[in-house]
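Notes to accompany the following structure.
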Amino acid sequence: MLMPKKVKHRKVQRGTMKGLSKGCRTVYFGEYGLEAADPVWMTAQQIEAMRVTLSRGVRKEGSYFIRVFPDKPVSKKPAETRMGKGKGNPEFWVAVVKRGRIICEIAGVAEERAKELMKLVSYKLPIKTKFVKKEQ
């Protein structure tokens, strides 16, 4: 699973996901991309499922680029634990994805194939997405 090697703080606050993404709003590395239409916490497992789908779909004909990384730890308290006694331990890692962010990109494949692949990838994700092309 994806996770950072080292972090400054073991536990972080929840934060907010309102507004548009500050960066990663254009297709930069590939020719076609998948843009987030909703804000979401994308887990490391979801990103891995997306990566597997892309690598199987692209094979050797093209290349893919994943533009999100899970760098935020999410903590959970154990089941049947009383209130208080501090914050729970980090359980999993998420990437904060805001509206308008490019999640992944594809290069070296035909447009129809890219659309088909991005549709398969969007099934793995918990948000609505949009297929976008690189602007010349």
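Gly15 fulfils the conditions (1) on the phi < 0 side of the Ramachandran plot; (2) touching a strand residue (DSSP E or B) at 6+ places or on another chain (Cβ under 8 Å) except for a single criterion, (1).
The rows are residues; the columns are (1) in a loop (DSSP other than H, G, I, E, B); (2) under 17 Å from Asp38 (Cβ atoms); (3) more than 19 Å from the chain's Cα centre (by Cα); (4) touching a residue at least 60 places away in the same chain (Cβ under 8 Å).
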residue	(1), (2), (3), (4)
Phe65	no, no, no, no
Phe69	yes, no, no, yes
Lys85	yes, no, yes, no
Val94	no, yes, no, no
Ile103	no, yes, no, yes
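Exactly one residue among Lys130, Lys87 is modelled with pLDDT of 95 or more, on the phi < 0 side of the Ramachandran plot, exposed (fewer than 15 other Cβ atoms within 10 Å of the Cβ) and in contact with a strand residue (DSSP E or B) (Cβ under 6 Å, 6 or more places away or on another chain), and that residue is Lys130. So, Arg10, is that one surrounded by 13 or more Cβ atoms within 10 Å (Cβ to Cβ), part of a loop (DSSP other than H, G, I, E, B) and out of contact with any Cys (no Cβ under 8 Å at 6 or more places or on another chain) or not? Considered against the rule, which asks whether it is surrounded by 13 or more Cβ atoms within 10 Å (Cβ to Cβ), part of a loop (DSSP other than H, G, I, E, B) and out of contact with any Cys (no Cβ under 8 Å at 6 or more places or on another chain), Arg10 comes out as no.
Table: residues versus (1) within 22 Å of Met17 (Cα to Cα); (2) under 11 Å from the mean Cα position of the chain (by Cα); (3) of a type outside the set (A, V, I, L, M, F, W, C).
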position	(1), (2), (3)
Gln45	yes, yes, yes
Lys72	yes, no, yes
Thr81	no, no, yes
Val97	yes, yes, no
Lys115	no, no, yes
Leu125	yes, yes, no
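Condition test on Ala114, is it touching a residue at least 60 places away in the same chain (Cβ under 8 Å), touching an Asp or Glu at 6+ places or on another chain (Cβ under 9 Å) and either in a loop (DSSP other than H, G, I, E, B) or surrounded by 16 or more Cβ atoms within 10 Å (Cβ to Cβ) (or both)? For Ala114, the condition - touching a residue at least 60 places away in the same chain (Cβ under 8 Å), touching an Asp or Glu at 6+ places or on another chain (Cβ under 9 Å) and either in a loop (DSSP other than H, G, I, E, B) or surrounded by 16 or more Cβ atoms within 10 Å (Cβ to Cβ) (or both) - is met.
Here are some residues: Ala49, Ala79. Which one is outside any strand (DSSP E or B) and touching a helix residue (DSSP H, G or I) at 6+ places or on another chain (Cβ under 7 Å)? Can you show your working first?
Details: Ala79 fails: touching a helix residue (DSSP H, G or I) at 6+ places or on another chain (Cβ under 7 Å).
Checking each option against the conditions leaves just Ala49.
Can we say Val58 is crowded, with 16+ Cβ neighbours inside 10 Å, at pLDDT 95 or above and within 21 Å of the chain's Cα centre (by Cα)? Against the criterion (crowded, with 16+ Cβ neighbours inside 10 Å, at pLDDT 95 or above and within 21 Å of the chain's Cα centre (by Cα)), Val58 does not qualify.
The values are calculated or read from the model by the stated rules, or taken from the named source; none is laboratory data. Owing to the predicted nature of the structure, the values given are computational and were not obtained by experimental measurement. We place every Cβ from the backbone using ideal geometry, glycine too, and count neighbours over all the protein chains shown.
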